[in-house]
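The values are calculated or read from the model by the stated rules, or taken from the named source; none is laboratory data. Owing to the predicted nature of the structure, the values given are computational and were not obtained by experimental measurement. Don't worry about glycine lacking a Cβ; one is built from the backbone with ideal geometry, like all the others, and counts go over all protein chains shown. Keep in mind that these areas ignore ligands, DNA and RNA; they rest on the heavy atoms of the full protein, side chains included. Shrake-Rupley method; radii C 1.70, N 1.55, O 1.52, S 1.80 Å.
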Amino acid sequence: MKIDKIMIRNFGKIHDKTLELGDGINVLYGENESGKTTIHTFLKGMFFGISRSRGRAAKKDVYSTYEPWENPAEYGGTMWFTQGDGSFRLTRNFEQNHQRFELVEEDGGRTWDDPEALAELLGEVSEAVYDNTVSVGQLKSVTGTDLVHELKNYIASYEGTGDTSLDLGRASQMLKMSRKGFQVQADRTRKELLKEQEKLDVGIDYLEKEIDSLSDKQRQIDEKKKSLRLGDSGGDVLERHIRGAKKKKTLTMLLFGAAAVLFVLMGLVLTDTRMKIGSAAVGVILLLIGIFRNQQLQKEIRRRRRMKEKWMAKNKKVRSDKGAVESAIQDKRRQIESVQVQREELEEQLREMLPEELEIDAINLAMETIEALSSDMSDQVGRQLHDRTSRILSEITNGKYRDVRFDEAFQMTVNTGDRMVPLEGLSRGTLEQIYFSLRMAAGELFLGPEPFPVILDDIFGMYDEERLSGVLRWLHQEKRQIIISTCSRRELDVLEKEQIPYRGLLL
Amino acid sequence: MKFIHLADVHLGASPDRGSSWNGRREEEIWETFRRLIGEIRDHPVDLLFIAGDLFHRQPLLRELREVNALFQSIPDTRVYLIAGNHDYMRKDSLYRSFVWADNVYFFKEEHLTSVKDPVCDVTVYGFSFHHQEIERELLFGAVPEETDGLHILLAHGGDDRHVPMNYRNLSAAGFDYVACGHIHKPNMPARDQIRFSGALEPIDRNDTGPHGYVEGQIVRGRLRTRFVPFACRSYLDVTIETDEETTQHSIEEEMKEAIAQNGPDNLYRIFLTGMRPPELLLIPERLKSLGNITEVTDMTRPAYDLQALLRQYSGTLVGDYIRHFQEKGELSVVEEKALYYGLVALLETGRP
């Protein structure tokens with residue numbers, strides 16, 4: 001792809017400006033504040049549009065920054081470019097109430113008004129890919145150590161995410177913090193529920209102890225019952241005894257009565273007076289004995305009656321005691337059961353997933369997914385990135401540095417031919433060269449058969465002349481359009497000196 | 001003739017264990033039942049129907065005595081009772097031996113029986129659960145006797161495992177009124193004819209909305225019924241819409257207002273829906289402390305346009321991440337949450 005021409009209608013402070021770009025190297029030269037960054041922003045805006053930020057951030061977003069000072073309703077311009085076999089004209093107005101998009105195929109005459117068509121044409125170059133590979137900005141770091149750090153971060157996030165603006169470490173930190181918050185909540189809830197469960201268990205224990213002591217009582221009653229010996233039919237046995245005694249009494253009365261009457265009658269019948277008296281006396285004695293015996297038996301009956309009553313009363317008490325204890329035990333059992341129902345409900349609640357645990361699951365899934373995808377990406381990107389970075393570094397330094405190595409922890413060392421030097425031991429200029437090699441390598445990884453232009457925004461400020469000519473020579477033999485913006489004449493001078501063809505564009 | 005129909009009192013239940021108001025709820029459920037009996041004492045009705053699950057589980061003797069004493073205190077009202085699936089008549093159930101007050105009739109059989117009310121011209125039908133589940137259509141083919149007066153059926157169940165009911169058949173069977181229990185949400189499968197009174201008090205956080213009993217009355221020869229809210233609290237669901245301007249503070253304010261408006265005594269479930277600013281990290285435990293809140297469900301999504309992000313970040317981890325989830329098709333709740341958790345973490349921690 002090649003950008004042929006841009007016409008800026010109104011963008012930031014630039015209006016009605018046309019720039020024609022050529023193949024190979026284009027140098028956009030201008031003093032500070034002359035609008036180089038504006039042109040970069042315009043180019044990106046043409047490809048991907050300018051989206052507005054939300055809320056307060058909108059006041060300082062790209063849209064507001066480049067809103068034209070004059071004629072704000074015409075906020076945009078036109079870009080002509082070649083892609084594959086076709087040349088296209090792309091016109092945009094970014095103004096939020098007059099948004100316009102028009103892509104025209106100049107030979108075929110086809111027209112699209114949907115940015116999706118442009119995205120399709122750009123293929124793999126998404127906005128993020130553009131930021132990471134097409135457009136190369138300055139390193140921000142001022143000091144050497146910061147630069148080393150920045151470079152390491154750069155390679156780490158590029159390898160893991162394909163996007164140097166991402167920070168996997170901080171992302172994972174953030175997820176862990178959210179997870180921790182939910183975990184604390186979930187633990188608290190679970191602890192609360194377990195405490196409830198414990199309370200119920202204590203209740204059950206207590207009830208069981210009560211049942212135990214009731215059972216003791218039950219045993220005592222049983223013992224007492226046993227001591228009453230006669231069993232449940234005791235009443236009948238005692239009654240039988242009473243009846244037996246009564247029978248005996250009746251029998252005795254009949255026997256002695258009959259005998260007494262017999263002797264008395266005999267006395268009446270007998271003629272001998274002594275015999276008569278004797279017989280009557282025997283009758284009277286028998287009668288007296290009968291009466292005495294009767295009284296004895298009557299006493300026994302009364303005794304047995306009392307015994308029975310006493311036994312019956314005792315038995316009744318034992319029985320009612322036993323009944324009371326039994327029903328008390330039964331009631332305690334039911335109470336235990338009711339507590340157990342509550343306990344089961346609690347267990348059910350404990351088995352259920354807490355809302356916080358759902359969040360934790362989601363966070364874990366997010367972390368696992370990021371890790372897996374990032375490790376896939378490292379596998380794909382890592383090796384190739386190393387190889388290409390090394391090759392480009394070797395080419396732009398005429399073989400002075402041959403090999404850049406990264407280990408697992410993204411510690412980088414550079415092979416100088418005779419020894420391995422850690423990044424920390426290199427000059428700023430060399431670090432800048434490594435950065436350049438990395439960016440170019442990353443770009444190559446993405447860009448398929450038809451390379452995208454590369455846009456270098458003032459990145460050679462720290463290069464000495466030797467380094468600058470090395471890098472420009474390398475860019476020259478690259479088969480792609482190069483747009484270099486600079487605020488010094490050095491690039492132009494070196495290009496002249498090296499007799500490298502270029503197109504100069506003065507701002 | 002006037003009656004009250006209630007069900008699913010669940011005496012002895014203690015909902016929301018582990019929350020600050022647990023324990024209070026157990027007593028409240030009893031208290032509401034006592035309050036209702038008191039109401040009947042002051043304004044007697046002829047009949048009181050309790051369509052099962054008066055108790056949350058097997059009743060204790062003292063509980064039965066307590067309830068019986070309450071029934072005794074409304075001698076002008078005849079009480080008709082059945083056992084539901086929670087207080088089912090197990091072999092050792094006290095329901096089997098308990099002697100109720102004269103004005104109470106308990107349907108002991110697990111098949112339909114009927115009894116004529118001694119005062120009103122009403123025949124009452126009912127059955128009790130002897131098991132925790134009854135999967136057969138116990139009411140299939142049940143018809144009222146061909147006698148004068150009203151025919152009222154007490155029934156507990158209505159789902160697959162608890163006496164499945166076909167409301168159309170039941171409606172056609174000819175009962176004047178079917179007083180149902182078991183479903184905790186009040187509803188009315190057939191107007192003025194088949195009603196679930198719903199639980200008298202909500203029993204757990206899923207029993208949202210108003211709770212109470214049904215009052216029935218003959219008006220100009222026709223039976224009219226109406227639902228009377230009576231519970232001392234309701235579980236309410238409050239949904240709060242968020243947008244890209246939402247903050248923790250604005251949600252808290254909105255919740256406070258919703259709670260003030262709907263009554264601070266009620267128990268709330270809060271649902272947050274809508275878009276939210278991606279950088280907003282909600283602190284749910286703060287929200288939980290604003291009232292009687294059983295749970296806060298956060299269903300908000302960060303205001304990301306996934307398609308736009310996919311386009312913008314295609315070829316990088318963020319693009320891969322979105323695509324990874326989109327290729328799954330329909331996302332589960334966890335997956336959708338994971339998608340956004342990951343995106344927020346990646347995008348909000350990025351270098352500008």
task = Determine whether A:M367 is surrounded by 13 or more Cβ atoms within 10 Å (Cβ to Cβ), within 14 Å of another protein chain (Cβ to nearest Cβ) and closer than 17 Å to A:L438 by Cβ.
result = no
ask   = Inside segment A:128-158, can you point out the residues that are in a helix (DSSP H, G or I) and under 15 Å from A:G443 (Cβ atoms)?
value = A:A128, A:V129, A:Y130, A:D131, A:N132, A:T133, A:V134, A:Y154, A:I155, A:Y158
query = Restricting attention to segment A:386-398, does a residue exist that is assigned by TED's automatic domain parsing to the domain that holds A:A128, under 24 Å from B:L317 (Cα atoms), of a type in the set (V, I, T) and out of contact with any Pro (no Cβ under 7 Å at 6 or more places or on another chain)?
reply = yes
ask   = Only one of (1) of a type in the set (A, V, I, L, M); (2) in contact with a Phe, Trp or Tyr (Cβ under 6 Å, 6 or more places away or on another chain); (3) in a helix (DSSP H, G or I) is not met by A:L121, so which one is it?
value = (2)
key: Of all residues in segment A:122-142 being of a type in the set (D, E, K, R) and over 19 Å from A:E450 (Cβ atoms), the one that is surrounded by the fewest Cβ atoms within 10 Å (Cβ to Cβ)   = A:K140
message = Quick check on A:T82: is it closer than 30 Å to A:A156 by Cβ and open to solvent by 30 Å² or more (accessible area, probe 1.4 Å)?
response = no
message = Given the options B:L317, B:L343, name the one that is facing chain A (nearest Cβ under 8 Å), within 30 Å of A:V134 (Cβ to Cβ) and crowded, with 20+ Cβ neighbours inside 10 Å.
response = B:L317
request  = For segment A:162-173, name all the residues that are within 7 Å of chain B (Cβ to nearest Cβ) and surrounded by fewer than 21 Cβ atoms within 10 Å (Cβ to Cβ).
outcome  = A:S165, A:R170
query = Mind checking which residues of segment A:174-198 are within 8 Å of chain B (Cβ to nearest Cβ), within 19 Å of the chain's Cα centre (by Cα) and either on the phi > 0 side of the Ramachandran plot or among the hydrophobic types (A, V, I, L, M, F, W, C) (or both)?
reply = A:M174, A:L175
task = Determine if segment A:398-407 includes at least one residue that is away from every other protein chain (no Cβ under 14 Å), basic (K, R) and assigned to a strand (DSSP E or B).
result = yes
ask   = When you look at B:Y125, is it open to solvent by 70 Å² or more (accessible area, probe 1.4 Å) and modelled with pLDDT of 95 or more, yes or no?
value = no
ask   = Tell me, which strands (runs of 3 or more DSSP E) lie completely within segment B:41-109 with 2 or more residues that are at pLDDT 95 or above and open to solvent by less than 10 Å² (accessible area, probe 1.4 Å)?
value = B:47-51, B:78-82
query = Considering only segment B:1-45, how many residues are farther than 30 Å from B:L153 by Cβ and among the small types (G, A, S)?
reply = 5
inquiry  = B:L236 - would you say it is out of contact with any His (no Cβ under 6 Å at 6 or more places or on another chain), within 14 Å of chain A (Cβ to nearest Cβ) and surrounded by 19 or more Cβ atoms within 10 Å (Cβ to Cβ)?
reply    = no
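I need the strands (runs of 3 or more DSSP E) fully contained in segment B:208-285, keeping only those with at least 1 residues that are closer than 18 Å to B:R301 by Cα, without any contact (Cβ under 8 Å) to a residue 40 or more places away in the chain and touching a Ser or Thr at 6+ places or on another chain (Cβ under 9 Å). Spell out how you get there, then give the answer.
Numbers: elements: B:212-219, B:222-229, B:235-242, B:267-276.
Those strands (runs of 3 or more DSSP E) span B:235-242, B:267-276.
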task = Need at least 1 residues that are without any contact (Cβ under 8 Å) to a residue 40 or more places away in the chain per element, so show me which strands (runs of 3 or more DSSP E) inside segment A:1-102 make the cut, counting only ones lying wholly within it.
result = A:14-20, A:86-93
task = Restricting attention to segment B:286-314, report how many residues are open to solvent by 30 Å² or more (accessible area, probe 1.4 Å), more than 8 Å from chain A (Cβ to nearest Cβ), assigned to a strand (DSSP E or B) and polar (S, T, N, Q).
result = 0
remark   = Picked from segment B:328-340 (must be within 17 Å of A:Q173 (Cα to Cα) and more than 7 Å from chain A (Cβ to nearest Cβ)), the residue least open to solvent (accessible area, probe 1.4 Å) is B:L339
note = A:E105 fails exactly one of (1) charged (D, E, K, R); (2) away from chain B (no Cβ under 14 Å); (3) under 20 Å from B:G315 (Cα atoms), namely (3)
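So that you can scan it fast, the table gives a plain yes or no per residue for (1) more than 14 Å from chain B (Cβ to nearest Cβ); (2) closer than 30 Å to A:K246 by Cα; (3) in contact with a strand residue (DSSP E or B) (Cβ under 9 Å, 6 or more places away or on another chain):
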| residue | (1), (2), (3) |
| --- | --- |
| A:D272 | yes, no, no |
| A:I291 | yes, yes, no |
| A:K299 | yes, yes, no |
| A:R305 | yes, yes, no |
| A:K317 | yes, yes, no |
| A:S320 | yes, no, no |
| A:G323 | no, no, no |
inquiry  = Please determine whether any residue of segment A:150-161 is more than 9 Å from every other protein chain (Cβ to nearest Cβ), open to solvent by 40 Å² or more (accessible area, probe 1.4 Å) and either of a type outside the set (S, T, Y) or touching a strand residue (DSSP E or B) at 6+ places or on another chain (Cβ under 6 Å) (or both).
reply    = yes
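Got a sec? Which of A:T145, A:T65 is more than 26 Å from A:I483 (Cα to Cα), exposed (fewer than 14 other Cβ atoms within 10 Å of the Cβ) and β-branched (V, I, T)?
A:T145
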